[in-house]
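See structure below.
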Amino acid sequence: MKAAIIILPLLCGSAQAADDCPPYVKHDVGGDYYNADDRKSLTVVETFHFTPQVEQLVRGSTGKLGADISYTLEHFPNHPRALTAMSRLALRDKTTRPQGSHYTVECFFDRAIRFRPEDARVRMLFGSYLLAIGQSDPALEQLEEAARLEPSNPTAHYNLGLLYLRRKDYDKARASAQKAYGMGFPLPGLKKQLTAAGEWRD
């Protein structure tokens, strides 16, 4: 089972102009994070730039943290752990564009979606980030699309249920919860919150 994507208490600037957020162009090193051929060069990027200390936001490897994470995403735009790290760094530093980063967080997600629009995990991560910065409606759009793209992914339905619950759309929250738990999702938080609100139905 895929790990749960925690909906972080995650700022979203206004959408960038196209000139500020150019599309991803494939390099000799890089490409689709999930493509076996492209992943052959992933070790190079992760060894020198996306190290464990970079991922944990301890310190940069070749310079500033934002620069190393940015480098990773410029080569593997849908690298889920790098997208998560960039989001966390932006939230920690209270900025939409961490020092050293070539683009804003929103732009990195936009580039990933344009590169691989069918990547449900990118949609889930983007939805979590948008929620964290108070953008509920765009977050809902991303999380609904993630669930549509991967209807058999319990995490997608769980996260979507949490957002519906936050919006007090209890019928949809309950339906998403039942889908997630019906697929064996282990975390009881959504069910507990629905129960506390008097909205859980077995």
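Quick notes on this one:
- Ordering A120, S176, G189 by the projection of their Cα atoms onto the charge dipole of the range 77-202, which places +1 on the Cβ of Lys and Arg and -1 on the Cβ of Asp and Glu, puts G189 at the extreme positive end.
- The rule of thumb for compact globular proteins, 2.2 N^0.38 Å, goes into the C-alpha radius of gyration of the chain 1.05 times.
- Anisotropy class of the range 135-196 from Cα gyration tensor, a/c 1.5 cut: oblate
- Full extension of the chain segment joining E118 with R81 gains 11.6 nm, where the gain is 0.36 nm per residue of separation less the Cα-Cα distance.
- Sites F48 and R92 - FRET efficiency at Förster radius 25 Å, r taken between beta-carbons, to 0.05: 0.60
- Ranking S41, A146, L73 by how far each Cα lies toward the positive end of the dipole of the range 27-182 (charges on Cβ) leaves A146 at the top.
- Size of charge dipole - the chain - debye, nearest 20, with Cβ of Lys, Arg +1 and Asp, Glu -1, no other charges: 700
- What the phi angles of the range 91-96 give under the Karplus curve with 6.51, -1.76 and 1.60, with θ = phi - 60°, is a coupling list of 5, 4, 8, 6, 8, 8 Hz, glycine and proline written as x.
- Using the rule -39500 (n - 2.57) for each DSSP H run of four or more residues, divided by the residues of the chain, the 222 nm mean residue ellipticity is -16000 deg cm²/dmol.
- Extension gain (nm, one decimal) between R59 and V29, 0.36 nm per residue minus Cα-Cα: 8.4 nm
- Two-site label geometry, A36 and A196: point separation in nm, points 7 Å out along Cα→Cβ: 4.6
Since every read-out is calculated from the coordinates, none of them should be taken as a lab result. None of these values were measured; they are calculated from a predicted model. For neighbour counting, all protein chains shown are included, and Cβ atoms are generated from backbone atoms with ideal geometry for every residue, glycine included.
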